[in-house]
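Structure record follows, encoded as structure tokens.
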Amino acid sequence: MTADGERECWEWLPAVGVGPLRFGMSPTDVAVALQAFTPHEQVGGPYMQENFADGVKVFYDGGKLACVSLDAAVGPQVFLAGWALAGRDPEQAHQFLLDHAAEHGNCLLYTPDDSLALTDLGLLVRAQKIGDVRLSRPLFVIEEWLESQYYRDHLPLEGAPVAHAWNDPR
């Protein structure tokens, strides 16, 4: 968030990264790019997940940045064709992605939780429950993960055990 409480806007470069983050970065490079000494939380699971302040979650594959998830209510905002991806009504987000894909010829993919991905752009939009409301949450993903059913169906791995950074032996 900015000092005045408005969301920071991040630029998205499909297949490259989002905001200051680039796919392939190491955890140290990610922390430096986010100007964070350490992540707020580290999450266990089949690959490393780090949760940073302001609603930024990052996922690694083989120690390299592979996915960035932005919280639906806080943190950076990213736009596709002038349309805000985070914090929208999930049904409106779903329809926007369908319309965008029809107009631009994007490859569509549905996940078992009814999330929608534009696989050629590396974008997966999921719903996030905040209180009694569900809002859209974008995930920016390397192509290999969107091609893998396992990763598509398990991102983000919320609910996995959390290891707080201050307990991490790194």
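The values are calculated or read from the model by the stated rules, or taken from the named source; none is laboratory data. Note that the structure is predicted; figures quoted are calculated from it, not measured. All Cβ positions, glycine included, derive from the backbone under ideal geometry; neighbour counts span all protein chains shown. Accessible surface areas use protein heavy atoms only, side chains included; no ligands, DNA or RNA. Shrake-Rupley method; radii C 1.70, N 1.55, O 1.52, S 1.80 Å.
Every condition in (1) among the aliphatic types (A, V, I, L, M); (2) out of contact with any Gly (no Cβ under 7 Å at 6 or more places or on another chain); (3) over 23 Å from residue 22 (Cβ atoms) holds for residue 53 except the one numbered (3).
When 3, 15, 53, 33 are checked against the criterion of being open to solvent by 40 Å² or more (accessible area, probe 1.4 Å), at pLDDT 85 or above and of a type in the set (Gly, Ala, Ser), 15 stands alone in meeting it.
Can you name the residue in the stretch 56-90 that is in a strand (DSSP E or B) and among the charged types (D, E, K, R) and is also modelled with the lowest pLDDT among such residues? So that I can check it myself, show each step before the final result.
Going through the stretch 56-90, the residues in a strand (DSSP E or B) turn out to be 56-61, 64-70, 77, 79-80, 83-84.
Among the residues that remain, those that are also among the charged types (D, E, K, R) are: 57, 61, 64.
Details: 57: 92, 61: 89, 64: 95.
Among residues in the stretch 56-90 that are in a strand (DSSP E or B) and among the charged types (D, E, K, R), the one modelled with the lowest pLDDT is 61.
Among the residues of the stretch 27-41, at least one is outside any helix (DSSP H, G or I), of a type in the set (A, V, I, L, M) and either on the phi < 0 side of the Ramachandran plot or under 15 Å from the mean Cα position of the chain (by Cα) (or both).
Number of residues in the stretch 114-137 that are open to solvent by 10 Å² or more (accessible area, probe 1.4 Å), under 24 Å from residue 15 (Cβ atoms) and in a loop (DSSP other than H, G, I, E, B): the value is 3.
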